[in-house]
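The values are calculated or read from the model by the stated rules, or taken from the named source; none is laboratory data. All values derive from a computational prediction rather than experimental measurement. Counting neighbours? That spans all protein chains shown, and the Cβs are built from the backbone with ideal geometry, glycine included. Just the protein is used for accessible areas: all its heavy atoms, side chains included, with ligands, DNA and RNA removed. Shrake-Rupley method; radii C 1.70, N 1.55, O 1.52, S 1.80 Å.
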Amino acid sequence: MSNSKFSKRIIASVPDLSKLFNDNIEDDDVPSLASSEGSPQLSDEDALATITSLPIAENKLQWEFYGLTLWLELEEYDNDLTNAINDLAEAHNVEPIPKSHTTAIYGMTHLSIDEAKRKLHSFKEVVPQWPEFARPVAVVQDIAENGKPGQVCTIAWSELTLATNEDHEKAVDLLYETFFGEDFTRTRPWKPHNSIAYDNPENSDLSLLETVGYVSRHTSLIRNTRRVEAISLWDTNGKMQDW
């Protein structure tokens, strides 16, 4: 586990695609699709089997997020939260969440990246250690609709629901005050959760039964209290694949 209580992380919103192209490849270096003389020929049946065995492309999340976002990165036990994200993404053919997290503040548009980084750096003097989270109180799978109370996007998701308390509410207040000033407003009470799967809402393959089944086989997900190991700053503009 990390000894650092706080970190500052910015993920660029535009991925570098330059490595996908190589101008130094000569035409002669490109493998031919034609079979060489003497190569075994696949029957139509074998060819179909080969095609269907190829991995299916991930179902990329299509929702367009916005702004700068603060995540709480929770303590893990044998990488259990990260494993849950990757296992469910593979099982349901969805894009994995890039980092296990509990969102503290989403979608800030009033600050530059440098301003937000300075404020995050100063916050560690205000709250040296975020209050510990008790064990999750529920396992949820649902579909969010942007505009409904407490919902800021339209996606299907699975989560471990966490409980807030007076200490958490005070910490959230201080975080908002640091980033928005004394006259901030926020929804109360805070509703912390650690999402373990995202999907597009149309014909989503996520199900509560399968999520509960996974958690029941990996009981560390719901048996343990968790410390906050870091508060990280993310550029969440665009689709999740751009973060």
Between a first residue in region 118-129 that is surrounded by 13 or more Cβ atoms within 10 Å (Cβ to Cβ) and a second residue that is basic (Lys, Arg), which pairs have beta carbons less than 8 Å apart while being 6 or more apart in sequence or on different chains? Leu120/Lys8; Lys124/Lys5
Take the conditions among the polar types (S, T, N, Q), buried (at least 19 other Cβ atoms within 10 Å of the Cβ) and in contact with a Gly (Cβ under 7 Å, 6 or more places away or on another chain) and apply them to Thr236. Does it pass? yes
Tell me whether region 179-188 contains one or more residues that are of a type outside the set (Phe, Trp, Tyr), over 18 Å from Leu68 (Cα atoms) and either buried (at least 17 other Cβ atoms within 10 Å of the Cβ) or at pLDDT 95 or above (or both). no
Per the list (1) more than 30 Å from Arg226 (Cβ to Cβ); (2) at pLDDT 95 or above, residue check on Leu54 breaks on (2)
Among strands (runs of 3 or more DSSP E) lying entirely in region 142-240, which contain 2 or more residues that are among the acidic types (Asp, Glu)? 228-235
Would you mind finding the one in Arg135, Arg118 that is at pLDDT 95 or above and in a helix (DSSP H, G or I)? Arg118
Taking region 158-173 and keeping only residues that are within 20 Å of Gly67 (Cα to Cα) and open to solvent by 30 Å² or more (accessible area, probe 1.4 Å), one is left with Asp173
In region 130-151, what residues are surrounded by fewer than 17 Cβ atoms within 10 Å (Cβ to Cβ) and over 19 Å from Val228 (Cβ atoms)? Ala138, Val140, Asp142, Ile143, Glu145, Asn146, Gly147, Lys148, Pro149, Gly150, Gln151
Is it true that some residue in region 211-223 is among the aromatic types (Phe, Trp, Tyr) and either farther than 26 Å from Asp78 by Cβ or out of contact with any helix residue (DSSP H, G or I) (no Cβ under 8 Å at 6 or more places or on another chain) (or both)? no
Contacts under 6 angstrom Cβ, first residue in region 66-94 being without any contact (Cβ under 8 Å) to a residue 60 or more places away in the chain, partner open to solvent by 10 Å² or more (accessible area, probe 1.4 Å), 6 or more apart: Asn86/Pro96
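Going by the conditions given, is Ala84 under 13 Å from the mean Cα position of the chain (by Cα) and either surrounded by fewer than 17 Cβ atoms within 10 Å (Cβ to Cβ) or closer than 30 Å to Asn203 by Cα (or both)?
Yes.
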If we keep just the residues of region 195-205 that are in contact with a His (Cβ under 8 Å, 6 or more places away or on another chain) and either surrounded by 23 or more Cβ atoms within 10 Å (Cβ to Cβ) or basic (Lys, Arg) (or both), which is farthest from Asn86 (Cα to Cα)? Asp199
